[in-house]
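Below: one structure, written as structure tokens.
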Amino acid sequence: MTDIPISAAMNIIINTATDSNESGTTVWEGGVALARHLAAESAKKKVDLKGKSCIDLGSGTGIVGIVCAKLGAEVLLTDIDHPAILAILTKNAGQNIFSSKSNANSSDSAINPTLAEAAGTATILPLEWDSPARIPTEIASKGPFDIIVGADVVYSMETVVKLVDTIEALSDRRTDIWIGHEHRDPRVSAHFLELMKEKGFKSRSVKRTNPPSASEGDVDYIGDHVALYSKIIVEMEVTSYAQAVDKCRIHSQIVGASAAGFGFMFAFLRSRHRYPDLVKNNHTIVPVLAAISTIVGYSLHKYSHSSCLDRYAAKFPAEAAEWKRLMKEKIEKEGN
């Protein structure tokens, strides 16, 4: 479970399931970036989600769709019909902002809770992408949507074809589309943009920088390893060491939590397989494995955090030196 700051007024608690072997149960930085950007743009009145119909494609842990609902949208959270993914999606939606309003019956999935809060609403339904797109009636009847969002859904040549066809089927000329993802294979990103262009989606490039007053803890940024695509294409980069501090903190938290969870499950399952009697009869095994996994996760968290800060210290040496000086003074003051 990770507490992720989205804006000064909004934090999201996201649960993951590293033992599910499904990428959709992990927090990816493209999702954090897109959620933060939409919250920032909403605060600046540049994006208005209140009362808008919104579909989140490949919701995964649900971070982007949940933020859209908190900002007032009527959100449909979608992902493949996999129990682990839909379960973690439901848990995150319920834990962050929603109370259960009803459990609608659906022919598409046994998991289809409708959740609501004062700001907006969210419904969870399964959706498989295909080419040509095959949209279930229950979802098609809600379209075309005002807003389509997707985090880290641009990752392979095959899937982007299905993704673009799905986007086309769920949108019209009024639809705003926001896609955020980490840079992986530039050929895939280029292919995605070309397919979108062929479908008639026009884009222009915009670079947003952070305010000069940005300080430690400021979350209104997106790293240079992340791209946001829309009818407006947004490319953003880290422009100060203060932004890097927050980026490194979130990234290292995710690394540490994932390592601890995966390490525990691997060690437990392997021990149960090789020494079933010992695991069954010795009640100290589980606490010991949990303690070891926590230590390993914490160590990786610290290493990842330190390595990340070192990379940006080389890029912003003067700012890094000043930040370290201020932190040292703060620690000395607290010690006295």
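No value in this document is a laboratory result; all are computed from the given coordinates. The structure presented is a predicted model; accordingly, all values stated were derived computationally and were not measured. For neighbour counting, all protein chains shown are included, and Cβ atoms are generated from backbone atoms with ideal geometry for every residue, glycine included.
Remarks
- Pairs exceeding 19 Å between alpha-carbon atoms, taken from Lys45/Lys91; Lys44/Lys70; Lys45/Lys70; Lys50/Lys70; Lys52/Lys247: Lys45/Lys91; Lys52/Lys247.
- Net charge contributed by nearby residues that have their C-beta within less than 9 Å of Val47 (K/R +1, D/E -1): 0
- For Cys308, the shell of other residues with beta-carbons less than 9 Å away shows a net charge of +2, using +1 for Lys and Arg and -1 for Asp and Glu.
- HN-Hα J in Hz across the stretch 124-130 - Karplus 6.51, -1.76, 1.60, θ = phi - 60°, x for Gly and Pro: 10, 9, x, 8, 9, 7, 7
- C-alpha center-to-center spacing [the stretch 258-315, the stretch 174-196] in angstrom: 35 Å
- Peptides 272-281, 145-154 ordered by average Cβ neighbours within 10 Å, highest first: 145-154, 272-281
- Shape of the stretch 243-335, Cα gyration tensor, a/c cut at 1.5: prolate
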